[in-house]
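Working notes for the structure below.
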Amino acid sequence: MAGSNEALPRLCFLGLLLCLCYSSAAAASTPDLLYLNLLWPGGYCQSVNLGENCCIPTTGEPAADFLVQSLETYDSTSGNPITNCNSDCRFLINPLAELIEDLFAYWPSLSCPSNNGMEQWKHVWCTYGNCTSLSEVVYFNRTLLLREQANILATLKSCGIVPHASITYSLKEIAEALATTLGSSSFSVECERRYTVWPLLYQDYLTRIRICVSSDATTFVSCPTYLTTNCGNTVKFAPILYPSSRGRQGDATTNPVRLPSAMMDVFL
Ligand SMILES: *[C@@H]1O[C@H](CO)[C@@H](O)[C@H](O)[C@H]1NC(C)=O
Ligand SMILES: *[C@@H]1O[C@H](CO)[C@@H](O)[C@H](O)[C@H]1NC(C)=O
């Protein structure tokens, strides 16, 4: 691609940035790239101190699927995250009322003690969401839609890659499967290494897929620099097994806890 072709849009973009930034000296740049982080609870709960720090949310057992962790804001040129753009940031639960069931199912917090996820949503909104040009409801809605669109579990399954306690898969076959829906340069696969005999024997557990997304949170895009993976050649795609002695597994699926409607008005 010729440099001259790119010069004009870049100049316009710079001009736009200058306009957007006039009111806020602190905002050195606006995010032009987002990272969607999707957790695989099977690997995540295996790896976080062997499940010691993984709890079933008070709102019930999440969907048995890849779960949203965050949608992060980045400056693609510097490669740095852009965070905490407004010190007065407030998170309101009211605007998310229509999304609440999906948030419970697909964007829970698995941290302990068991919780309803709201501290995590507040944290993600004020750290990243408030740096986008999206309203709160649009930010959360589009993130949930992106998770659905990425369709990771079904895509892997269609390529014969299913969670299994003992079978391992090659990183290459996982990446090739995901490339069919995401594009080959738009994601990275992340693992957590667990040692059985340090440093000789270990297993890499698939824990997270990280996907590059357009700044309006609507489409998957190629990542500006090739994302590296920390997985070895052989990856375990572990079944989801929440620690049974913790959390609220007993009543989780049959009796999920709903937010009292009065709570919907509380600023968190
Ligand atoms: C960021 O937070 C501030 C303070 O709550 C708010 O005025 C502003 O509209 C928020 N930005 C976005 C994009 O929602
Ligand atoms: C979320 O986005 C979808 C697709 O644009 C739209 O149909 C739906 O009404 C939105 N939901 C909310 C709560 O904004």
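Kindly list the number of the only condition in (1) more than 14 Å from ligand 1 (Cβ to nearest atom); (2) surrounded by fewer than 20 Cβ atoms within 10 Å (Cβ to Cβ); (3) of a type in the set (A, V, I, L, M) that fails for Leu103.
With (1) more than 14 Å from ligand 1 (Cβ to nearest atom); (2) surrounded by fewer than 20 Cβ atoms within 10 Å (Cβ to Cβ); (3) of a type in the set (A, V, I, L, M) applied to Leu103, the lone miss is (2).
Return yes or no: is Pro57 buried (at least 21 other Cβ atoms within 10 Å of the Cβ), away from ligand 1 (no atom under 16 Å from the Cβ), under 16 Å from the mean Cα position of the chain (by Cα) and on the phi < 0 side of the Ramachandran plot? Spell out how you get there, then give the answer.
Working: buried (at least 21 other Cβ atoms within 10 Å of the Cβ): yes; away from ligand 1 (no atom under 16 Å from the Cβ): yes; under 16 Å from the mean Cα position of the chain (by Cα): no; on the phi < 0 side of the Ramachandran plot: yes.
The answer is no for Pro57.
Leu241 is checked against (1) at pLDDT below 90; (2) part of a strand (DSSP E or B) and fails just one. What number does that condition carry?
Unmet condition: (2).
Do you know which residues across segment 132-155 are open to solvent by less than 10 Å² (accessible area, probe 1.4 Å) and within 13 Å of ligand 1 (Cβ to nearest atom)?
Result: Tyr139, Phe140.
If you check Gly160 against the conditions, is it of a type in the set (Gly, Ala, Ser) and in contact with a strand residue (DSSP E or B) (Cβ under 7 Å, 6 or more places away or on another chain)? Steps first, answer last, please.
Values: of a type in the set (Gly, Ala, Ser): yes; in contact with a strand residue (DSSP E or B) (Cβ under 7 Å, 6 or more places away or on another chain): no.
For Gly160, the condition - of a type in the set (Gly, Ala, Ser) and in contact with a strand residue (DSSP E or B) (Cβ under 7 Å, 6 or more places away or on another chain) - is not met.
Given the options Ser185, Ser166, name the one that is modelled with pLDDT under 95, surrounded by 13 or more Cβ atoms within 10 Å (Cβ to Cβ), more than 16 Å from ligand 1 (Cβ to nearest atom) and part of a loop (DSSP other than H, G, I, E, B). Lay out the reasoning, then the answer.
Values: Ser166 fails: surrounded by 13 or more Cβ atoms within 10 Å (Cβ to Cβ).
When all the criteria are applied, what remains is Ser185.
Just the residues that are open to solvent by less than 20 Å² (accessible area, probe 1.4 Å), away from ligand 2 (no atom under 16 Å from the Cβ) and in contact with a Cys (Cβ under 9 Å, 6 or more places away or on another chain), please, taken from segment 106-130.
If we filter segment 106-130 for residues that are open to solvent by less than 20 Å² (accessible area, probe 1.4 Å), which is where we start, we get 107-110, 117-118, 121, 124-125, 127, 129.
Those still in the list that are away from ligand 2 (no atom under 16 Å from the Cβ) too: 108-110, 117-118, 124, 127.
Residues satisfying the conditions are Ser109, Leu110, Thr127.
Report the residue count in segment 169-182 for those that are surrounded by 17 or more Cβ atoms within 10 Å (Cβ to Cβ) and touching a residue at least 60 places away in the same chain (Cβ under 8 Å).
Residues that pass the stated criteria total 3.
Residues that are away from ligand 2 (no atom under 16 Å from the Cβ) and part of a loop (DSSP other than H, G, I, E, B): does segment 134-144 have at least one? Write out each step before concluding.
To start, the set of residues in segment 134-144 that are away from ligand 2 (no atom under 16 Å from the Cβ) comprises none.
No, segment 134-144 has no match at all.
Considering only segment 67-98, how many residues are within 16 Å of ligand 1 (Cβ to nearest atom), in a helix (DSSP H, G or I) and surrounded by fewer than 18 Cβ atoms within 10 Å (Cβ to Cβ)?
2
Which of (1) over 23 Å from the mean Cα position of the chain (by Cα); (2) at pLDDT 90 or above is the odd one out, the single condition Thr229 does not satisfy?
Of (1) over 23 Å from the mean Cα position of the chain (by Cα); (2) at pLDDT 90 or above, only one is false for Thr229: (1).
Any idea which of (1) aromatic (Phe, Trp, Tyr); (2) open to solvent by 50 Å² or more (accessible area, probe 1.4 Å); (3) touching a Lys or Arg at 6+ places or on another chain (Cβ under 7 Å) is the one Tyr195 doesn't satisfy?
Result: Tyr195 passes all but (3).
Identify the residue in segment 106-131 that is of a type in the set (Phe, Trp, Tyr) and either part of a loop (DSSP other than H, G, I, E, B) or within 22 Å of Pro31 (Cα to Cα) (or both) and, among all such residues, is nearest to ligand 1 (Cβ to nearest atom). So that I can check it myself, show each step before the final result.
In the first step, residues of segment 106-131 are kept if they are of a type in the set (Phe, Trp, Tyr); the result is 106-107, 121, 125, 128.
From the residues that got through so far, the ones that are either part of a loop (DSSP other than H, G, I, E, B) or within 22 Å of Pro31 (Cα to Cα) (or both) too are 107, 121, 125, 128.
Details: Trp107: 18, Trp121: 14, Trp125: 9, Tyr128: 11 Å.
Ranking the qualifying residues of segment 106-131, first place goes to Trp125.
The values are calculated or read from the model by the stated rules, or taken from the named source; none is laboratory data. Quick caveat: nothing in here was measured; it's all calculated off a predicted structure. Ideal geometry is used to build each Cβ from the backbone, glycine not excepted, and the neighbour counts take in all protein chains shown. In case anyone asks, the SASA skips ligands and DNA or RNA and just uses the protein heavy atoms, side chains included. Shrake-Rupley method; radii C 1.70, N 1.55, O 1.52, S 1.80 Å.
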